1. Please go through (1) away from chain A (no Cβ under 14 Å); (2) within 21 Å of the chain's Cα centre (by Cα) for residue B:72 and return the number of the only condition it doesn't satisfy.
2. Hey, any hits in the range B:36-59 for a residue that's under 30 Å from residue B:153 (Cβ atoms) and part of a strand (DSSP E or B)?
3. Considering every residue within the range B:341-354, establish whether at least one is within 14 Å of chain A (Cβ to nearest Cβ) and touching a strand residue (DSSP E or B) at 6+ places or on another chain (Cβ under 7 Å).
4. Which residue is nearest to residue A:13 (Cα to Cα), if the candidates are limited to the range A:127-170 and must be modelled with pLDDT under 90 and of a type in the set (Gly, Ala, Ser)?
5. Would you confirm, using the coordinates I've provided, whether residue A:500 is away from chain B (no Cβ under 14 Å), of a type outside the set (D, E, K, R) and more than 27 Å from residue A:340 (Cβ to Cβ)?
6. Kindly evaluate residue A:564 against the criterion of being outside any strand (DSSP E or B), of a type in the set (Ser, Thr, Tyr) and under 43 Å from the mean Cα position of the chain (by Cα).
7. Residue A:370 passes all but one of (1) under 18 Å from the mean Cα position of the chain (by Cα); (2) on the phi > 0 side of the Ramachandran plot; which number fails?
Amino acid sequence: MTDTPLSLIRNFSIIAHIDHGKSTLADRLIQACGALTAREMTNQVLDNMELERERGITIKAQTVRLTYPAKDGKTYVLNLMDTPGHVDFAYEVSRSLAACEGSLLVVDASQGVEAQTLANVYQAIDAHHEIVPVLNKVDLPAAEPERVRAQIEEVIGIPADDAVQISAKTGLNIEGVLEALVTRLPPPVGDDTRPLQALLVDSWYDPYLGVIILVRVKEGRLKRGMRIRMMSNGAVYNVDQVGVFAPRMVPVEDLGPGEMGYINAAIKTVADCNVGDTLTDDRRPAETALEGFKPSIPVVWCGLYPVDADDFEKLRDSLSKLRLNDASFHYEAETSAALGFGFRCGFLGLLHLEIIQERLSREFNLDLIATAPSVVYRLYRTNGEMEELHNPADMPDGSVIERIEEPWIVATIMVPDEYLGAVLTLCSERRGIQKDLTYVGNRAMAVYRLPLNEVVFDFYDRLKSVSRGYASFDYQMDGYEESDLVRISILVNLEPVDALSFIAHRSAAESRGRSICAKLKELIPRQLFKIAIQAAIGSRVIARETIGAMSKDVTAKCYGGDISRKRKLLEKQKEGKKRMRQFGKVEIPQSAFLAALKMDH
Amino acid sequence: MQSDVQIPANGGAPLALYVHWPFCLAKCPYCDFNSHVRDAIPQARFAAALRRELAHEAARLTADGPRRLGSIFFGGGTPSLMAPETVASLITDARSLFATAPDLEITLEANPTSVEIGRLRAFRDAGINRVSLGIQSLDDKALHLLGRQHSAGQAIAALETARALFDRISFDLIYARPDQSPAAWRAELNQALVLVSDHLSLYQLTIEPGTRFEGLHRQGLLVLPDEEAGALMYEETATVAATHGLAAYEVSNYARPGAESRHNLTYWRYDDYLGIGPGAHGRMTLADGLHATRRHRAPEPWAERVERTGSGLMQDDILTSRDRAREMLLMGLRLTEGVPEARFARRTGMPMTEALDPVILAAALEEGYLVRDQAPGGTILRATNAGRLRLEALLGALVL
């Protein structure tokens, strides 16, 4: 089963926008090849994490090995590589794509091309993939296959005459897809006599087996019992098991060039398995590693705090468990005067942040609060040192800063014409620079350069609301640029509330400072003494609100001689103070800060 | 004499005696006091039980020497439902068990229904020399809302009757009622001040847990004036009362100078008081410390306990220095006169500075919520009008 000649192997991935039917098509292909009986099929076999299934997105790469008896009389091995479907995982996507020779580009025949599709398809083109366009949902009354075919040619610039027209839902023309894979995609190349070079595509933690590594063998053979070496760090492991996903795990003796499969080598944590690394034979190592390896670097950071301080240890345990399976996410303990003990966490992007946060609350039952997300700034000190800065609290005094650079992105936004004006306004409000604006039918495609800083600050929500949910958005990192950035501190009775400080462009500082002050004024209940809320850059106040003192709080009656009751009420009041944060003479309920932070997202 | 500072000094103030009569004709929807409605009130049984408990407790209190009694207060419930003979025998008992001041103040709470008012003369003959009438409002619609059994006309007639019988009369009004505007309250208060002799209790309506009003309030069927309107009415109440010569001497109590309720001052000044009857509380200085006592709340089980053991005592704790400090501040800052620091230190065993958060104290002095007066006997800490208006929040932050 592993001695399949290269000419009979096809490795492919599927590129599609959310909801355009990627997982349904994958299910149909699995079914058509008889890998699973109808009874064994649960919907969307590939998306096996609850969260993935719910959001219709893939976080971890997965593969399925299928056998297909083609019309030419030969039986082919088809390896489907399911890639993470979001830009936050752009690097992971690029490694998954590097494991294949071609892609199916699935486009909803009634919706057309979306921004996310574009970014992924360009990555596939960069990976030298042969791309087979597939028009899905052609059975729907709203389907316009001709229009969408033209759109693919116009926008993406690849021929779409031979686009395969299917309905993944009804199973229409699945055969056509399988034939196109066999006839149109090139077979992999490789030499099984050369030293082993296998691409580490992904890894995850299995509670029974330990770390499982997903690999694509490029050169040589990967055998059970072999001592393998990770070329990025020189770590050496014994391969206990080699296998393929069919789609269940099936052990095999070895994997030859062009094959995809998994290994299990008594590795403790996924942190030791870097996506994009090259595995080689320790006894007969390859001279060079495969191209394109990059260590994963968090792009967005935020503080995560338990709402209930008693949950701190539980949060620590939960983070370490998540990290077992997701080495791209980083965390370190931090303390906030306003929020107590928590962690500073780094993510590949906003979606990644949201997924981790949701898993913590769902799988670990933690009630969490997140501080405003921050990007990673590059801070150059006057003494010439450069440091990366992702926590506003760490920003030094202005006098030692020579300059600060912030990360930019290139964003592609597709939106129906009627909402274009609002979207363009939003982009320019966020310091966006228009690079391109083209029309595809009645949809506009705007390409903007934007500071990432402006995108992490409620950009998605605003985009959704100004386009009534019709805009689609995708981005790629696009380098660093010097910028006029300031740290805005929020002060309560002249004392800074660390959890609320943030870094922003000077032009946005005042309005954002004002909106946080106004929000806090609404959220903080009136107290014995008046409360001054200020936003400040250094010592300069840029916004101010005052919460007046409460006008009355007295119990009319004194309960006769029942003083014990009054005393117990006082004791209870003192107990309640544990959830308060003292700012000089006033105490602010922690819940007010939590609410202010929640409103940010 | 031992020099044990742990024993709180009583300060030599006369003892106050509180007698709780737990029965009412009907339960008012705002009231969370220990009151109960019975088809027939077991008068004889409760009279005997009260007398027995009084004798029992007096013996305990006077074990180390005689105590001087300064006031008796019959509260409830509705003590005007007591048989006047019961009141008479309890007063006689008290006079024989304690040394009494010549001007012993003996107050009875009474409702202005015709039945109860018909017995005022008998109560006077029993020894009562001060009545406190539960008038609550001079508006019939409001009286209906408050679940009262009398009309405004009956209330005014009751005051006339009482005036002919007693030198010292007080009555209660409840304001900041649902739908009551500050103007309507001003009018009602002016009407009441014409009728007043020398003392008045003016309570803002509060929603207490477990009452019928609480249920209605939760459902949104009972809406009270907001914080601003409540504050306005409170401030105006003091102003209007002052123009009639009545000074606010406590958060909700107003009197001509010298006409203050001596009995209630005992609670607020944190002096000793003996409470008997169902649910009554007491603070009593004994050889081993200041005791906080509570009697069984339910009338019949209380009586049973008294019949069996002589006392309905349910709880009897010796208060720590911290407890005493908290209680004395909670009560004392309700009074316009404030808390003398020397008396505080004697009663609690700690200097006042140890009982207060210094940051809040400084801020409250600066804000004008508190003042420190230098009097001949030493420094007095007192809450200003502005401070008393926000007293719960102030105490919550200030008292350690």
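1. (1)
2. The initial filter retains those residues of the range B:36-59 that are under 30 Å from residue B:153 (Cβ atoms), namely B:36-41, B:43.
From what's left, part of a strand (DSSP E or B): B:36.
Within the range B:36-59, one or more residues are under 30 Å from residue B:153 (Cβ atoms) and part of a strand (DSSP E or B).
3. Initial filter on the range B:341-354 (within 14 Å of chain A (Cβ to nearest Cβ)): B:347-348.
From what's left, touching a strand residue (DSSP E or B) at 6+ places or on another chain (Cβ under 7 Å): none.
Looking for residues that are within 14 Å of chain A (Cβ to nearest Cβ) and touching a strand residue (DSSP E or B) at 6+ places or on another chain (Cβ under 7 Å), one finds none in the range B:341-354, hence no.
4. A:127
5. Values: away from chain B (no Cβ under 14 Å): yes; of a type outside the set (D, E, K, R): yes; more than 27 Å from residue A:340 (Cβ to Cβ): no.
No.
6. On the way: outside any strand (DSSP E or B): yes; of a type in the set (Ser, Thr, Tyr): yes; under 43 Å from the mean Cα position of the chain (by Cα): no.
In short, no.
7. (2)
Listed here are the residues, each with its yes/no results for (1) touching a residue at least 40 places away in the same chain (Cβ under 8 Å); (2) within 14 Å of another protein chain (Cβ to nearest Cβ).
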residue: A:490; (1), (2): yes, no
residue: A:511; (1), (2): no, no
residue: A:542; (1), (2): yes, no
residue: A:545; (1), (2): no, no
residue: A:550; (1), (2): no, yes
residue: A:592; (1), (2): yes, no
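The values are calculated or read from the model by the stated rules, or taken from the named source; none is laboratory data. Every value quoted in this text rests on a predicted model; they were computed, and no experiment measured them. In this analysis, Cβ positions are derived from the backbone assuming ideal geometry, glycine residues included, and neighbour counts consider all displayed protein chains.
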